[in-house]
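Since the structure comes first, as structure tokens, the remarks are kept for the end.
The values are calculated or read from the model by the stated rules, or taken from the named source; none is laboratory data. Keep in mind it's a predicted model, so treat the numbers as computed, not measured. Positions of Cβ are generated from backbone atoms using ideal geometry, with glycine treated the same way; all protein chains shown enter the neighbour counts. Surface accessibility is based on the protein's heavy atoms, side chains included, excluding ligands, DNA and RNA. Shrake-Rupley method; radii C 1.70, N 1.55, O 1.52, S 1.80 Å.
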Amino acid sequence: MAGEPQSDCLFCKIVSGDIPATIVRESATTVAFRDINPQAPTHVLVIPKVHYPDAASLAAAEPQIAADVLTEAGAVAAYEKIDSTGYRVIFNTGSGAGQTVFHAHAHVLGGRGLQWPPG
């Protein structure tokens, strides 16, 4: 069921503490942790504690929690001191866009110049 933890989901296991992660910040509805394969000097994932397969399904079902993820992405940028130099927040949706874990999550990237367009 959407919103419920999934036993086969890597990010649900991080939320529950069954798999370790380097936690940067945590709120009542989100967890932010360092990406294990960083693509920039700062690369932090912000995930909702509830399980939805992608950002669109999260936003449709629980818009306040989707907003919490974006708010927390900004807080991560400030915490990491990249808010004044610039950062990117990315939601990949679907395997064709590079999504590999099907639990909604935002990538917060910064700490170097980020070209446009990406990819």
Subject >> Charge dipole (the chain, unit charges on Cβ, about Cα centre) - positive-most of Ala66, Leu114, Thr93 >> reply: Leu114
Subject >> the stretch 37-108, dipole about Cα centre (Lys/Arg Cβ +1, Asp/Glu Cβ -1), debye to the nearest 20 >> reply: 140
Subject >> Apportionment of accessible area to carbon and sulfur, the stretch 1-96, percent (1.4 Å) >> reply: 54
Original post:
Taking the Cα atoms only, what angle lies between the long axis of helix 63-79 and the longest principal axis of the chain, rounded to 10 degrees?
Top reply: 40
Subject >> Accessible area in square angstrom per residue, the chain, 1.4 angstrom probe >> reply: 55
Original post:
Ile23 versus Thr71, label points 7 Å from Cα toward the beta carbon: distance in nm?
Top reply: 1.9
Subject >> Neighbour net charge for Gly111 - beta-carbon separation under 11 angstrom, K R +1, D E -1 >> reply: +2
Original post:
Taking only the alpha-carbon atoms of the stretch 1-92, what semi-axes of the equivalent ellipsoid follow from 5 times the gyration tensor eigenvalues under a square root, in whole Å, largest first?
Top reply: 22, 16, 11
